[in-house]
Amino acid sequence: MTEQGKIECNNHGTQTETYVCQHIAASLSTKIPVGFHWPESSAEPYPDAWCSECESSRIEAGGEWTDEVVKKLGVKILCCECYTIAKNLSLLGLS
């Protein structure tokens, strides 16, 4: 069992857990950038993140995280190393 706030990643071992939308998580397999958004006010090293499609849905909902928008997110847990890889893929085109 891992300590709270940690996840056991098959690729990176025990790491800090992060939360992303299902589309960002899927981009790790497809290697297709999907965008990477997070709260501007966050000072956390790995803030919750979502793709451009989910950002568009949030904006269409008046900038709110409605139940419908949250359902579309399909939140997934990634280790901090996988999070960084997905972020670099979407923001820098690096895989």
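The values are calculated or read from the model by the stated rules, or taken from the named source; none is laboratory data. Note that the structure is a prediction, hence the values are computed from the model and not measured. Positions of Cβ are backbone-derived with ideal geometry, glycine not excepted, and every protein chain shown enters the neighbour counts.
Limited to region 19-34, what total is found for residues that are of a type outside the set (A, V, I, L, M, F, W, C) and more than 16 Å from G74 (Cα to Cα)? Give the steps one after another, and end with the answer.
Pass one, region 19-34, residues of a type outside the set (A, V, I, L, M, F, W, C): 19, 22-23, 27, 29-31, 33.
Of the ones still in play, those that are also more than 16 Å from G74 (Cα to Cα) are 29-31, 33.
The total comes to 4.
If I filter region 68-89 down to residues being among the charged types (D, E, K, R) and modelled with pLDDT of 95 or more, which single residue comes out as surrounded by the most Cβ atoms within 10 Å (Cβ to Cβ)? Full working, then the answer.
Initial filter on region 68-89 (among the charged types (D, E, K, R)): 68, 71-72, 76, 81, 87.
If we keep only those that are modelled with pLDDT of 95 or more as well, we get 76, 81, 87.
Working: K76: 16, E81: 15, K87: 19.
The extreme case among them is K87.
Is it the case that region 69-83 has a residue that's of a type in the set (F, W, Y) and in contact with a His (Cβ under 6 Å, 6 or more places away or on another chain)?
Within region 69-83, the first condition is being of a type in the set (F, W, Y), and the residues that meet it are 83.
Okay, now just the ones that are also in contact with a His (Cβ under 6 Å, 6 or more places away or on another chain), so none.
Checking region 69-83: not a single residue is of a type in the set (F, W, Y) and in contact with a His (Cβ under 6 Å, 6 or more places away or on another chain).
Within region 28-58, can you find the residues that are in contact (Cβ under 8 Å) with a residue 60 or more places away in the chain and either surrounded by fewer than 15 Cβ atoms within 10 Å (Cβ to Cβ) or outside any loop (DSSP other than H, G, I, E, B) (or both)? Spell out the reasoning first.
First, pick out the residues of region 28-58 that are in contact (Cβ under 8 Å) with a residue 60 or more places away in the chain: 28, 31, 33.
Listed by number, the residues that qualify are L28, K31.
Looking at region 1-13, which of its residues are touching a residue at least 24 places away in the same chain (Cβ under 8 Å) and polar (S, T, N, Q)?
N11
Considering only residues that are over 14 Å from the mean Cα position of the chain (by Cα), of a type in the set (D, E) and part of a helix (DSSP H, G or I), which ones fall in region 59-95?
Restricting attention to region 59-95, the residues satisfying the condition of being over 14 Å from the mean Cα position of the chain (by Cα) are 59-69, 71, 92-95.
If we keep only those that are of a type in the set (D, E) as well, we get 60, 64, 67-68.
Matches in region 59-95: E60, D67, E68.
A quick yes/no check of all residues on (1) of a type outside the set (G, A, S); (2) within 17 Å of I85 (Cβ to Cβ); (3) at pLDDT below 95:
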site: E3; (1), (2), (3): yes, no, yes
site: Q15; (1), (2), (3): yes, yes, no
site: Y19; (1), (2), (3): yes, yes, no
site: L28; (1), (2), (3): yes, yes, no
site: P33; (1), (2), (3): yes, yes, no
site: F36; (1), (2), (3): yes, yes, no
site: P39; (1), (2), (3): yes, no, yes
site: S42; (1), (2), (3): no, no, yes
